[in-house]
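A quick write-up on the structure given underneath.
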Amino acid sequence: MTYSSTSALSVSSSVTLALLYGISALPAVLGNGAFLWVIYKCRSLRTISNLLITSLALADFFVGLVIDPVWIARCIITPRAPNHPLEIAIGSLWIQTSVTTTFSLCVVSLDRYIAIGFPLKYNQIVTHERCRLAVPLIWILSVILGLTRLWITNANFTPVLWACVTVITILLPMVLIIFCYYCIFVQARRQARKISTQTAHFRSQCAVEGVRNRKTAKTVGYVVVLFIISWFPSLVASFLDLTSSDYCIKQNMELIWLWVELIAFTSSGINPWLYSMKSNVFRSEMKRAFGMNNAKARRIIVACENVRKKELRIE
């Protein structure tokens, strides 16, 4: 993400973009904040899948709390040269946030692929210890990659930096995520055909596990589709910014980047509603975490805790 032009935005464009960034920040902070609070309060929800999704929620929360306000300022403040300290800081934050978001989605997609592709080996491959190692590594790597923008300030080398960043943070994760979900789709259909040939007792056991895995994969799949839709414009804009010699495109690149980043950051406010609010169990736990208990919520919570105890015994 690099601006090729320092032309000032019109007042109407600045106000409109700043307002939209502010609107997109609210659901990102409130939705992801609620998700993180519920995970903190409710032990029964601390599954391996939710642990990985928590990393994504934390990244989305950071987008709403820090990145969106920074971009609001960027819409209002007079544009500066690409090597100005403010532009360098913004670029560093963009890299860190993008890496955390895309890499967290990659890990979540791999988790679902292993759960559906290798169900009998899942508990041996995906363990709490490995997840607790993977999540900090994602954040450490995101900080290191973000710092590269602070180290590389020479205008002659920044195009190379942004080309590498685009490939690492958007293109490669997008390819990996699409591959994982293609494999998940193929494996899910294969499992469905296999279950239909088993005995009634074994078929019922496999069906319950298969439905649960497919529901989780479907939910994360919605998040992945949203990611591709929201981040693909950034990939196109980065390609145009680095390769185009068209004067009109170069002059309007700043405005283009502000709009495509708005599209990308909007997904941070939608994600928590896709991967948590659709779940009856999560909604019930959320009511309990925020002091809104009812009889139906308690029954669902007890059932969830019983299932979780069985999973722990299996592990």
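The values are calculated or read from the model by the stated rules, or taken from the named source; none is laboratory data. Note that the structure is predicted; figures quoted are calculated from it, not measured. Quick reminder, even Gly has a Cβ in these numbers, built from the backbone with ideal geometry, and neighbours come from all protein chains shown.
Just one of (1) modelled with pLDDT of 85 or more; (2) within 22 Å of the chain's Cα centre (by Cα); (3) crowded, with 20+ Cβ neighbours inside 10 Å fails for Leu17. It is (2). In segment 137-160, the qualifying residues are those that are more than 27 Å from Val224 (Cβ to Cβ) and of a type in the set (A, V, I, L, M, F, W, C), and the one that is modelled with the lowest pLDDT is Ala155. Where helices (runs of 4 or more DSSP H) fall wholly inside segment 246-300, the ranges with 2 or more residues that are at pLDDT 75 or above are 253-275, 280-289. The residue that is farthest from Gly269 (Cα to Cα), counting only those in segment 65-100 that are of a type in the set (Gly, Ala, Ser) and surrounded by 23 or more Cβ atoms within 10 Å (Cβ to Cβ), is Gly91. Does any residue of segment 73-89 turn out to be closer than 21 Å to Met286 by Cβ and modelled with pLDDT of 85 or more? No, every residue in segment 73-89 fails to be closer than 21 Å to Met286 by Cβ and modelled with pLDDT of 85 or more. Looking across segment 161-197, the residues that are at pLDDT below 85 and among the small types (Gly, Ala, Ser) come down to Ala188, Ala192, Ser196.
This table checks each residue for (1) in contact with a Lys or Arg (Cβ under 8 Å, 6 or more places away or on another chain); (2) of a type in the set (Asp, Glu); (3) assigned to a helix (DSSP H, G or I).
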site: Asn156; (1), (2), (3): no, no, no
site: Pro159; (1), (2), (3): no, no, yes
site: Pro173; (1), (2), (3): no, no, yes
site: Ile178; (1), (2), (3): no, no, yes
site: Ile184; (1), (2), (3): yes, no, yes
site: Gln187; (1), (2), (3): no, no, yes
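The set of residues from segment 114-133 being in contact (Cβ under 8 Å) with a residue 12 or more places away in the chain and not in a helix (DSSP H, G or I) comprises Pro119, Val126, Thr127.
Within segment 135-163, the set of residues being touching a helix residue (DSSP H, G or I) at 6+ places or on another chain (Cβ under 6 Å) and among the small types (Gly, Ala, Ser) comprises Ser142, Gly146, Ala163.
For segment 106-143, filtering for residues that are within 16 Å of Ile178 (Cβ to Cβ), among the aliphatic types (A, V, I, L, M) and within 18 Å of the chain's Cα centre (by Cα) leaves 3.
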